[in-house]
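Input: a single structure, listed below in structure tokens.
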Amino acid sequence: MLNQRPQHGYAIAQELERCGWGTIRGGTLYPTFRNLEAQQLIAGTWEAQDRGPARKYYHLTTDGVRAAAEHRIAWDRLSQSMSGLLGREESHDA
Amino acid sequence: MPKGTHQYNAKLARLLRLRGIDEAQIRDATWSVESHVTDSGSTAEEAFGSPRRYARTFTQATDTPSRGRGWYVLAWLIASLAAALLLISWSARDDDEVLGLFSPEVGIVLGAAVLLIWALVLGLRLTRRPGRQPV
């Protein structure tokens, strides 16, 4: 999600909700951001708004981009492996 | 901004200070709460849980020494000495002198005054508003 463009916390929560993750509360979201910031995988920048309080926009750091790419490869492997396993089980049942 | 956000942030800031979290993190946390509830329309309590519970998700950075640690230790040392002076003076109130320096009355007043000032400063530091908007 942050690969595409920097996003603020509530926008990320909404995006996750649209993807079917249900309502992600701030109390869950922001501690995760803090952890990722501490690991220097993401970084946040405060930006003033025309109306309302400033928002913190999060973006992936260079390490974050690398980690996201590695996780994506690992996920694809796991997904293919599981699909293969389930496919074998289905053909075995039939 | 939903009602009660200021009270929520004041309580959160106080609890985070008690946990030794630095002011930059406190400002970041309280402004994140304000920004999130303004966007979502939910109350801070609904979005983040109780201030006490949310404060528990913060941990003190171990790699960055706190700038105010020296003052913090000094303040507690002065308060401890003042409490000791108060107790000694109180228990020696029938004597002429305390520690060979002054009368017990002076010791009681001095100890109580220092403790009172210390408590006031501590209270003000714990309850002060988090910093201005972080931009």
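Which members of region A:1-22 meet the condition of being within 13 Å of chain B (Cβ to nearest Cβ) and either in contact with a Cys (Cβ under 8 Å, 6 or more places away or on another chain) or at positive phi (or both)?
Answer for region A:1-22, where residues must be within 13 Å of chain B (Cβ to nearest Cβ) and either in contact with a Cys (Cβ under 8 Å, 6 or more places away or on another chain) or at positive phi (or both): there is none.
Hey, can you tell me all the residues within region B:27-54 that are over 22 Å from A:Ala11 (Cα atoms) and touching a residue at least 24 places away in the same chain (Cβ under 8 Å)?
Within region B:27-54, B:Pro51, B:Arg52 qualify.
Quick one: how many residues across region B:16-26 are in a helix (DSSP H, G or I) and surrounded by fewer than 20 Cβ atoms within 10 Å (Cβ to Cβ)?
Summing the residues that are in a helix (DSSP H, G or I) and surrounded by fewer than 20 Cβ atoms within 10 Å (Cβ to Cβ) in region B:16-26 gives 5.
State all residues of region B:120-131 that are touching a residue at least 24 places away in the same chain (Cβ under 8 Å) and farther than 13 Å from B:Ala10 by Cα; if no residue qualifies, say none.
Passing the criteria: B:Val121, B:Leu122.
Only one of these conditions is not met by B:Glu46: (1) more than 30 Å from A:Glu17 (Cα to Cα); (2) of a type in the set (D, E, K, R); (3) within 11 Å of chain A (Cβ to nearest Cβ). Which number is it?
(1)
Kindly provide the set of residues from region A:23-55 that are under 13 Å from the mean Cα position of the chain (by Cα), closer than 19 Å to A:Arg66 by Cβ and at the interface with another protein chain (Cβ under 9 Å from one of its Cβ atoms), ordered by number.
Result: A:Phe33, single match.
If B:Asp39 satisfies every condition in (1) out of contact with any His (no Cβ under 8 Å at 6 or more places or on another chain); (2) closer than 18 Å to A:Thr28 by Cα; (3) facing chain A (nearest Cβ under 10 Å) but one, which is the exception?
(1)
Go through region A:35-78 and report how many residues are in a loop (DSSP other than H, G, I, E, B) and either in contact (Cβ under 8 Å) with a residue 40 or more places away in the chain or not small (Gly, Ala, Ser) (or both).
Of the residues in region A:35-78, 8 are in a loop (DSSP other than H, G, I, E, B) and either in contact (Cβ under 8 Å) with a residue 40 or more places away in the chain or not small (Gly, Ala, Ser) (or both).
Any idea which residue in region A:56-94 is surrounded by the fewest Cβ atoms within 10 Å (Cβ to Cβ), counting only those that are within 30 Å of B:Met1 (Cβ to Cβ) and more than 14 Å from chain B (Cβ to nearest Cβ)?
Taking the candidates together, the pick is A:His59.
So which residues in region A:11-23 are in contact (Cβ under 8 Å) with a residue 12 or more places away in the chain and either within 15 Å of B:Ser42 (Cβ to Cβ) or among the basic types (Lys, Arg) (or both)?
Scanning region A:11-23 gives a single hit, A:Ala13.
Only the coordinates and a few stated rules stand behind these numbers; no lab work does. Only a predicted model underlies this, so the values are computations on that prediction, with no experimental measurement involved. Reconstructed Cβ throughout: ideal geometry from the backbone, glycine too, with neighbour counts over all protein chains shown.
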